[in-house]
Structures are given as structure tokens and as C-alpha cells.
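Enquirer: Here it is: the structure, laid out below.
The values are calculated or read from the model by the stated rules, or taken from the named source; none is laboratory data. Predicted model, so just to flag it, every value in this text is computed and none were measured. Using ideal geometry, Cβ is built from the backbone for each residue, glycine included, and neighbour counts are taken over all protein chains shown. These accessible areas exclude ligands, DNA and RNA; they are computed on the full protein's heavy atoms, side chains included. Shrake-Rupley method; radii C 1.70, N 1.55, O 1.52, S 1.80 Å.
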Amino acid sequence: MFFDRNEIDRRIRQSIRKSEKFIGQGEVASYIPELLNVEPDTFALSITSTSGDTYSYGDIDKEFSVQSISKILDLLLALHDNTIEEVYSKVGSEPTKFEFNSLVPITDKPANPFINAGAITTSSMIRGRDVDDKFQRILDFYKMISGTDKARLMEDIYKSEMETSDRNKAIAYYLKSKGIFDEDPSEVLDLYIRSCSIGTNVVDLSHFGAILANKGYGLYETKDLIPESIVSIIVSQMSSCGMYENSGKYLMNVGIPSKSGVSGAILGIVPGLCGIAVYSPRLDKTGNSVRGKELLKILSYELDLNIFIR
């Protein structure tokens, strides 16, 4: 983004207008009943640069659950509490062609940390006295990195997801049966679903992304919030596995490491430049926000953000 602030704003607004042709395309997530209650055409975008400048548009105060973007947090905490070798002895690092909640990509271990089986596994590696303590660590970490005190557990989303988690229960118990973890599967699943139910907005989420784009350093002080070695793993896994089974095509088209959630949020990271958060609840068949991914594609071109041709 080698433009002055006014030019950046102009290009972002132009990109948003171009993305309006995708309004109404896709459907909101239905397998979690509470997600059906959202306004389907809500839209919000926030971009935070590594120098701390923020550009925000749309319904920026709208709270939504992070859903699968929480898989980044689960992996971050697992890598903090264990060695890289320990984490990746229990979960793989490769993309999969199967849907995110499938049992198929579990052979000797889950395919990667960004499918449900992988995130349930990394959740099992987070340390704490009990589920409450472990979740508080995840929530406090997100608050610190996103620079907010607003993030919270969205109880309605959490309860709705717990009541409809049969597929994830099967995954958790299957992982336990294979000896991938020894913890109580119901407690591990509870922690995983709680992290999916963290409520945030695009401004705070883009700040979180900007920290990752800034190699884990704070935006307003030279404080190392996340070790560079861990940031490198997170961003590379977002590149290869962050957009479900559509990750390869998305990376070719957009060129921005990203992680999506079925709430309709997408977090994009442009190393050295910015974090991007977009929220638009209508999803395609793979569970990615239709307007969100198209807007990121447009922004990638308009702001010269593609990591492969910068």
C-alpha cells in the first residue's frame, strides 16, 4: 500500500463498490441455528496497517463470532505451551480436498490445524487447570493482541453450537480413540466450541491481523507479543489451509494468506503491510464469505497486496 492516506481510502471505497455486485449471493450458515438469526447482507471492512493506521467501513461495530478464525488462536496457544515438534507430531500441516468438518482427513493424525479435527487436537494441547481456565487464557490472549476489552464469549452462539455438535463430538471421540490426545473429549470439544464463539468486530480483528503482519510485534511499542517463529507458522498455514478445501484456488486468485469462519468473517494477512478483516455472512458451498473473498480479491489488485507479485 504505497499510496497516501487519501488515495488508499479512495481505492478501498472503489473496491467496496465493485464488491456490491455480489450482494445477495450465497446463504448464511444453517448448521448452527443461532447463525441463521443474523442479517444476511450486513457488511463491514477494516484494514489496519503495521504502522497503526486503520481504515474502516460499513457496520464496523457489528459483533460476530469468530468461528473458524479461532483455529489461529488454538494453534497459537498450543505452540506457546508446547514445542513445534510436539504440536506437529499430533497434527499435520498439509491442505486437504475434504470439507472442514470431515472425518476423512484423519489417518495417523488430522491433516492440518485449520480443519475441525486439527483444531480440536490443538485445543487438547492448551494448558490450564480446567476448561474455564484454558478458555480464559485464549480470550485474554485475543484481547491483548487485538487491543480490545470488548471480546467476550457469545453465550447464544456457544449454546446453539453445543446443541448441534454431533459431528464434532464424533471427531473428538475418534481422535481420542486413536490416541492423538488423552484428555476428556467432551472437555476438549467444549473448549474448541467456546473459542469459536468469541465475539469480536472487524476493527479489533484487523488489529489482531496487523500484529501477525508485523512479525508479532506491537503496533505502538516495540514489544514482542508473538515470537516470529510462531508467526511464520501461522501465516504459512493460513496460506495453504486457511480457506477450507478452496485454499489453493483462493491463494492463486487473491494472493493474501487468509482464514475464514462460517459466521462470514475473513481475516487476511499481508506480511509487512497490514491485517484485513471483512464480515459478510452469506457463504459459498465451502463455507467462505462470498462477498468477503471477492472483496479481498479486488483489494489485492487495487492496493497491490498480492504477496507473490509485490
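Enquirer: For the stretch 134-176, name all the residues that are closer than 30 Å to A213 by Cβ and out of contact with any strand residue (DSSP E or B) (no Cβ under 9 Å at 6 or more places or on another chain). Don't jump to the end; show me each part of the working.
Expert: Going through the stretch 134-176, the residues closer than 30 Å to A213 by Cβ turn out to be 134-154, 157-158, 161.
K134, Q136, R137, D140, F141, K143, M144, I145, G147, D149, listed by residue number.
Enquirer: Right, next: Need the failing condition index for I72 against (1) touching a residue at least 24 places away in the same chain (Cβ under 8 Å); (2) in contact with a Ser or Thr (Cβ under 8 Å, 6 or more places away or on another chain); (3) closer than 19 Å to V262 by Cβ, just the number.
Expert: All conditions pass for I72, except number (2).
Enquirer: Then there's this: Just to be sure I understand the filter: pairs with C-beta atoms under 7 Å, separated by 6 or more residues or on different chains, first member in the stretch 162-188 and over 20 Å from S68 (Cβ atoms) and free of Cβ contacts under 8 Å to residues at least 24 places away in the same chain, second member assigned to a helix (DSSP H, G or I) and not acidic (D, E). Which pairs pass?
Expert: That search, which allows pairs on different chains as well, returns Y173/P185; K176/P185.
Enquirer: Given the options K259, K293, name the one that is open to solvent by less than 50 Å² (accessible area, probe 1.4 Å), touching a residue at least 60 places away in the same chain (Cβ under 8 Å) and either within 25 Å of N6 (Cβ to Cβ) or among the basic types (K, R) (or both).
Expert: Numbers: K293 fails: touching a residue at least 60 places away in the same chain (Cβ under 8 Å).
Criteria check complete, one pass: K259.
Enquirer: While we're here: Which one of the conditions (1) without any contact (Cβ under 8 Å) to a residue 24 or more places away in the chain; (2) within 20 Å of M243 (Cα to Cα) does V91 fail to meet, given that it meets all the rest?
Expert: The failed condition is (1).
Enquirer: Then there's this: Looking at S15, S68, S56, S46, which one is of a type in the set (S, T, Y) and over 21 Å from the mean Cα position of the chain (by Cα)?
Expert: Numbers: S68 fails: over 21 Å from the mean Cα position of the chain (by Cα); S56 fails: over 21 Å from the mean Cα position of the chain (by Cα); S46 fails: over 21 Å from the mean Cα position of the chain (by Cα).
Result of the check over S15, S68, S56, S46: S15.
Enquirer: Could you tell me whether any residue of the stretch 81-91 is part of a strand (DSSP E or B) and out of contact with any Asp or Glu (no Cβ under 7 Å at 6 or more places or on another chain)? Steps first, please.
Expert: The first filter runs over the stretch 81-91 and keeps only residues part of a strand (DSSP E or B), leaving none.
No: the stretch 81-91 contains no residue that is part of a strand (DSSP E or B) and out of contact with any Asp or Glu (no Cβ under 7 Å at 6 or more places or on another chain).
Enquirer: Given the conditions (1) under 18 Å from V203 (Cβ atoms); (2) surrounded by fewer than 22 Cβ atoms within 10 Å (Cβ to Cβ), report the number of the one that E302 does not fulfil.
Expert: (1)
Enquirer: Then there's this: What are the residues in the stretch 222-256 that are touching a residue at least 40 places away in the same chain (Cβ under 8 Å) and assigned to a loop (DSSP other than H, G, I, E, B), if any?
Expert: Those that are touching a residue at least 40 places away in the same chain (Cβ under 8 Å) and assigned to a loop (DSSP other than H, G, I, E, B): L225, I226, G242, M243, G255, I256.
Enquirer: What number of residues within the stretch 35-48 satisfy the criterion of being touching a residue at least 24 places away in the same chain (Cβ under 8 Å) and surrounded by fewer than 19 Cβ atoms within 10 Å (Cβ to Cβ)?
Expert: Here the count works out to 5.
Each row is one residue, and each column tells you yes or no for (1) loosely packed, with under 14 Cβ neighbours inside 10 Å; (2) over 23 Å from K62 (Cβ atoms); (3) modelled with pLDDT under 95; (4) over 16 Å from the mean Cα position of the chain (by Cα).
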| position | (1), (2), (3), (4) |
| --- | --- |
| P105 | no, yes, yes, yes |
| A119 | no, yes, no, no |
| M125 | no, yes, no, yes |
| R129 | yes, yes, no, yes |
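Enquirer: Somewhere in the stretch 63-75, is a residue surrounded by 19 or more Cβ atoms within 10 Å (Cβ to Cβ), in a loop (DSSP other than H, G, I, E, B) and out of contact with any Cys (no Cβ under 8 Å at 6 or more places or on another chain)?
Expert: The initial filter retains those residues of the stretch 63-75 that are surrounded by 19 or more Cβ atoms within 10 Å (Cβ to Cβ), namely 64-75.
When the remaining residues are screened for being in a loop (DSSP other than H, G, I, E, B), the result is 66.
Narrowing further to those that are out of contact with any Cys (no Cβ under 8 Å at 6 or more places or on another chain): none.
Checking the stretch 63-75: not a single residue is surrounded by 19 or more Cβ atoms within 10 Å (Cβ to Cβ), in a loop (DSSP other than H, G, I, E, B) and out of contact with any Cys (no Cβ under 8 Å at 6 or more places or on another chain).
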